[in-house]
Amino acid sequence: MKRKILGLVLAGGKSKRFGQDKASYVFHDGICQLDYAMHLLDTFCERTVVSVGDSRTRFGLEESNHDWIEDVPGMQGPIGGVMSGLVEAQGKGLLVVACDMPLLEGSLILRLLTQRDVCRLATCYLATDGKPEPLCAIYEPGCLPLLEKATEEGQMSLRRFLTIENVARVPCRSPKLLASLNTQADVDRLRSIVS
């Protein structure tokens with residue numbers, strides 16, 4: 001069942017450590033990471049968009065079927081994508097996933113949605129280190145002014161933002177499924193988890 005929430009795939013990173021574009025990387029047979037993440041969110045969200053950096057044609061989005069938005073200019077890291085997503089959501093919640101999480105499953109998205117507390121600022125999983133995972137999380141509309149204030153003060157960390165008091169933190173049954181592809185070495189490590 002689709003929820004009245006905007007799904008956002010973060011795909012604005014430069015993929016420097018990975019050595020190639022992570023959004024177009026094919027981890028699963030025949031499907032690139034961007035399409036994989038969009039499909040996951042499309043199952044649950046009434047609308048899904050891709051957040052990109054300053055290059056609109058980076059993933060050929062102008063020729064694809066994906067709607068896209070641009071990250072807030074001048075922001076370092078995914079915080080600019082989340083802020084743009086909250087503006088695009090127009091007062092609804094924002095379900096965010098990074099395009100480089102190949103082990104993410106629909107069951108994890110569904111659990112996050114069922115654990116969502118709309119009275120909190122956000123709902124997120126706890127990562128393998130026990131800290132909030134900002135790249136598989138739901139951000140409520142009330143986050144936007146706080147994120148704007150944080151960035152004005154030079155604070156660009158979503159993880160740090162999610163340590164504030166009014167956030168629902170959900171234990172993940174298998175936090176390794178939240179792992180990201182950051183380097184080529186991660187590919188073999190993550191493939192060994194699913195094989």
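Take the convex hull of the alpha carbons in the range 130-195; its mean projected area over all directions comes to 5.8 nm².
For the chain, how many pairs of lysine residues have a Cα-Cα distance under 21 Å, where the two are 8 or more positions apart or belong to different chains? The partial results should precede the final answer.
Working: Lys2/Lys92; Lys4/Lys92; Lys14/Lys22; Lys22/Lys176; Lys92/Lys149; Lys131/Lys176.
The result is 6.
A Cβ-based charge dipole, computed about the Cα centre of the range 30-158 with Lys and Arg at +1 and Asp and Glu at -1, lands at about 360 debye.
Scalar couplings 3J(HN,Hα) for the range 131-140, obtained by applying the Karplus form with A = 6.51, B = -1.76, C = 1.60 to θ = phi - 60°, are 9, x, 9, x, 9, 8, 7, 10, 10, 8 Hz; x denotes Gly and Pro.
Remark on Phe27: its backbone amide H falls under 5 Å from those of Gln33, a criterion applied only to residues 5 or more positions apart or on other chains, H modelled at 1.01 Å from N.
Could you tell me which of rounded, prolate or oblate describes the range 107-156, using a ≥ b ≥ c as the square roots of the eigenvalues of the alpha-carbon gyration tensor, with rounded for a/c under 1.5 and, failing that, prolate when a/b is larger than b/c and oblate otherwise? Write out the running numbers ahead of the final one.
Values: a/c = 3.06, a/b = 1.52, b/c = 2.02.
It comes out oblate by the Cα gyration axes.
Against the 2.2 N^0.38 Å scaling, with N counting residues, where does the chain land? I'd like the Cα-based Rg ratio to two decimal places. Present the calculation step by step, with values, prior to reporting the outcome.
Details: Rg = 15.4 Å, N = 195, 2.2 N^0.38 = 16.3 Å.
Scaled against compact globular proteins, the figure is 0.95.
The phi-based Karplus calculation (6.51 cos²θ - 1.76 cosθ + 1.60; θ = phi - 60°) puts the 3J(HN,Hα) values of the range 178-183 at 8, 5, 10, 8, 9, 9 Hz, whole numbers, x for Gly and Pro. Enter the Cα centre distance for the pair the range 83-114 and the range 129-195, rounded to the nearest angstrom. If we compute the Cα centre of each part, the gap is 11 Å. For Cys99, the residues whose amide H sits under 5 Å from its own are Leu10, ignoring neighbours fewer than 5 places away on the same chain, with H placed 1.01 Å from N.
Per the Debye formula on identical point scatterers at the alpha carbon atoms of the range 80-195, with no solvent, log10 I(q)/I(0) at q = 0.11, 0.14, 0.17 Å⁻¹ is -0.36, -0.58, -0.83. In the range 78-143, the alpha-carbon atoms span a convex hull of 95 Å³ per residue. Mean residue ellipticity, 222 nm, helices only, the chain: the sum of -39500 (n - 2.57) across DSSP H runs of n ≥ 4, divided by residue count and rounded to 500, is -8500 deg cm²/dmol.
Quick one: order Asp21, Asp35, Asp29 by neighbouring beta-carbon count within 10 Å, fewest to most. Mind showing how you got there, number by number?
Details: Asp21 17, Asp35 21, Asp29 5.
By the 10 Å Cβ count, ascending: Asp29, Asp21, Asp35.
Peptides 148-157, 65-74, 174-183 ranked from most to least packed by the mean count of surrounding Cβ atoms within 10 Å: 174-183, 65-74, 148-157. The residue list Leu126, Pro102, Ala150 was ranked by how far each Cα lies along the charge dipole of the range 3-194 toward its positive end, using unit charges on Cβ atoms, and Leu126 comes out on top.
Put in order of Cβ neighbour count within 10 Å, fewest first, the listed residues Tyr125, Tyr36 become Tyr36, Tyr125.
Here, each number is a calculation from the coordinates, and none is a lab measurement. In this text the structure is predicted, and so the values were computed from the model without any measurement. Every residue, glycine as well, gets a Cβ built from its backbone with ideal geometry; the counts of neighbours run over all protein chains shown.
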